[in-house]
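Engineer: Please find one structure pasted underneath; my questions will follow.
What follows is calculated from the coordinates using simple rules that are stated; it is not laboratory data. This structure is a prediction, so every number in the text was calculated from the model and none was measured. Using ideal geometry, Cβ is built from the backbone for each residue, glycine included, and neighbour counts are taken over all protein chains shown.
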């Protein structure tokens, strides 16, 4: 069966560049900072890409008044850029230099007359799951020790809040990613059946993502009669073999897709008949929590209030939840608590230091243009169902972008 394809993405516009750079310069002015030092990561939030429109994992030095500089970790990635390279496949930043080591950062800051400046930093403080930052220790040590006249201020949290409100162009890319995920979810639901392996299911939905040209390096899939775990499957790393799906299993997947650095997600749950009553109960609780989240996702509401409404559904039952009920995206700053009620899970004492993780960003007031992932999960003993999809906050409330993933599907059922 052929897979429907989205129109190819041709790149972000210079208008989007100008909007982002203007907002960044105002950010610096408001905080009386002379420049922004963005230490990028390929494994966490791609904050450097927001300013460079280039492959993430590099360093950006963005002065308040003069032109920015892009320090690239992998020089071969930019060697193809020449005078005739089309605008849409070039970095926005024209001053490109090799090396992201501390010595290169120091030399560039000195060249720009910033050796006694007030520098805002991104990457020393963290986001997402990298709460302690991702800048290499030796890099940061060299920068601080070599520039004693500089004042460095971690602005990761504050800049992430600026980035949370997306432009129309950015929201169009979120919607594109979500449409592709809807197709991927349909393929996953079709692929799940007794006798097929997790790898077969993984291949079915990954084909959709690859044929539509989205960035999708990190994927999660789990299956079994109980699915009380999360994360990438061990077999992707050569540990064990893909599990063969059996009657009575639930297959869970968190599927990611990014277009132009703008990500959407879905949480698929597909039950294989006969569906256990406890799994149906978990699915019903997760769906009710999803509905509460959509109901409360509107301008003027604090993130913590949305979390409270969703939490009341799950915590008010005999269930508990493992992963967040909701978080924002692009970048991820607001995240609900995790592991709430985990002490009721049989076997939890087998791993030390397991407990409840705190909510983050509870005070953030929702605004139109923010992007959230509603991903309610309900667990009873070691049974777990996780559903959800991406939604945008609009002037009138929530705009859900996904449908198939917001209810548990049944293998072999009509889609």
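Engineer: Roughly how far apart, in whole Å, are the Cα centres of the range 50-66 and the range 237-303?
Structural biologist: Centre-to-centre (Cα) distance: 35 Å.
Engineer: Between 0 and 90 degrees, rounded to the nearest ten: what's the tilt of helix 14-30 against the longest Cα principal axis of the chain?
Structural biologist: For 14-30 against the chain, the angle is about 70 degrees.
Engineer: Expressed as a rounded percentage, what relative contact order does the chain have, with Cα pairs under 8 Å and six or more residues apart?
Structural biologist: 14 percent.
Engineer: At residue 172 and residue 308, where each label point lies 7 Å from the Cα along Cα→Cβ, what is the point-to-point distance in nanometres?
Structural biologist: The answer from the label model is 3.9 nm.
Engineer: Can you tell me the 0 to 90 degree angle between the C-alpha axis of helix 168-191 and the longest principal axis of the chain, rounded to 10?
Structural biologist: So the inclination is approximately 30 degrees.
Engineer: Starting from one equal scatterer on each C-alpha and no solvent at all, send me the Debye-based log10 I(q)/I(0) for the chain at q = 0.12, 0.13 Å⁻¹, two decimals.
Structural biologist: Log-scaled intensity ratios, in q order: -1.00, -1.14.
Engineer: May I pose another question? When each pair of different Cα atoms in the range 168-410 is counted once in the 1/r mean, what is the Kirkwood radius in angstroms, to one decimal?
Structural biologist: On the way: mean 1/r = 0.0558 Å⁻¹.
About 17.9 Å for the range 168-410.
Engineer: Given the Cα atoms of the range 70-190, and with Rh set as the inverse mean 1/r over their pairs in the Kirkwood sense, what is Rg to Rh to two decimals? List each step's numbers first, then the result.
Structural biologist: On the way: Rg = 19.1 Å, Rh = 17.8 Å.
Ratio of gyration radius to Kirkwood radius for the range 70-190: 1.07.
Engineer: From Cα coordinates alone, what are the radius of gyration and Dmax values for the range 246-361 in angstrom?
Structural biologist: For the range 246-361, the Cα-based Rg and Dmax read 15.6, 46 Å.
Engineer: Restricting to bridges with both residues inside the chain, how much of the DSSP beta-bridge set is antiparallel, in percent to the nearest 5? Mind dumping the intermediate values first?
Structural biologist: On the way: 48 of 62 bridges.
So the antiparallel bridges amount to about 75 percent of the total.
Engineer: Moving on. Just the Cα atoms of the range 347-398, one point each, no solvent: what log10 I(q)/I(0) does Debye give at q = 0.30 Å⁻¹?
Structural biologist: The Debye formula, applied to the Cα set alone, gives -1.18.
Engineer: Quick one: order 218, 27 by neighbouring beta-carbon count within 10 Å, fewest to most. Before the final figure, lay out the partial values.
Structural biologist: On the way: 218 12, 27 20.
The most exposed by this proxy come first: 218, 27.
Engineer: Which three lengths, in whole Å and largest first, does the range 1-156 cover when its Cα atoms are put on their principal axes?
Structural biologist: So the three principal-axis extents are 61, 36, 33 Å.
Engineer: How tilted is helix 102-111 with respect to the longest principal axis of the chain? Cα atoms for both, answer in degrees (0 to 90, nearest 10).
Structural biologist: 40 degrees
Engineer: Could you tell me what fraction of 2.2 N^0.38 Å the Cα radius of gyration of the range 102-166 comes to, as a two-decimal ratio? Show your work: numbers first, answer last.
Structural biologist: Details: Rg = 12.8 Å, N = 65, 2.2 N^0.38 = 10.7 Å.
Normalised Rg, Cα atoms only: 1.19.
Engineer: Under a point spin-label approximation (7 Å from Cα along Cα-to-Cβ), what is the residue 30-residue 276 distance to one decimal in nm?
Structural biologist: Simple spin-label model gives 5.0 nm for this pair.
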